Structures are given as C-alpha cells and as structure tokens.
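Visitor: Structure in structure tokens, see below.
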Amino acid sequence: MDEMEKDLKEHMERKNQLASDIIGFLKIKEPGITFERAEKILSGTIEVLQKVSKRREI
C-alpha cells in the first residue's frame, strides 16, 4: 500500500469514527431521534460553524 492509499484509509477511518461519535452523542441527547431531526440539527450546526470559522479558528 503506498503512502497516498494509507493516508486515504486513515482519513476515512477518522471520518467514520467522527460520524459514529456524533451519532452516539445525538442518541444520548435526543433519545428516539429521527434521521430528519438529526439532519436539521446538523444543518444548523454547520451554519453556525461556517459563521464562526470566518471570524476565528475553532
């Protein structure tokens, strides 16, 4: 496996772990959460992060 494949694999593993962590967090904070509700929460979070990141490092 070359360096680029290794980096891509590590990136995907981190991405999948982060997604699992976020799902776990939402399940704890919002028991019985639906996909639609999670999508709305995450969309709102993205909007806030975009505004904040333009002003300072997060």
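Visitor: Check cross-link reach from LYS15 to the lysines: straight Cα distance under 18 Å, and skip same-chain residues fewer than eight apart.
Guide: The qualifying lysines are LYS6.
Visitor: Further question: Spelling out what I want: for every residue of the stretch 43-51, take phi, set θ = phi - 60°, compute 6.51 cos²θ - 1.76 cosθ + 1.60 (Karplus), and round to whole Hz; glycine and proline get x.
Guide: 5, x, 5, 4, 4, 5, 4, 5, 5
Visitor: Over the C-alpha atoms of the chain, what are the Rg and the largest Cα-to-Cα span, Dmax, in Å?
Guide: Rg then Dmax for the chain, in Å: 15.2, 43.
Visitor: Also, I was wondering about something else. Could you work out how much longer the chain between PHE25 and LYS40 gets when fully extended? Use 0.36 nm per residue separation minus the Cα distance between them, nm to one decimal. Walk me through the intermediate numbers first.
Guide: Values: separation 15, 0.36 × 15 = 5.40 nm, distance 1.50 nm.
That works out to 3.9 nm of additional length.
Visitor: Any idea what angle helix 3-29 forms with the longest principal axis of the chain, computed on alpha-carbon atoms, 0 to 90 degrees, nearest 10?
Guide: That works out to roughly 20 degrees.
Visitor: How large is the charge dipole for the chain, taken about the Cα centre, if only the Cβ atoms of Lys, Arg (+1) and Asp, Glu (-1) carry charge, to the nearest 20 debye? Provide the component values of the computation, followed by the final result.
Guide: Numbers: 12 positive and 12 negative charges, 101 e Å.
Its charge dipole is roughly 480 debye.
Just so you know, all these numbers are worked out from the coordinates, no wet-lab data involved. Source: prediction; values computed, not measured. Here the Cβ is made from the backbone with ideal geometry for all residues, glycine too, and neighbour counts use every protein chain on show.
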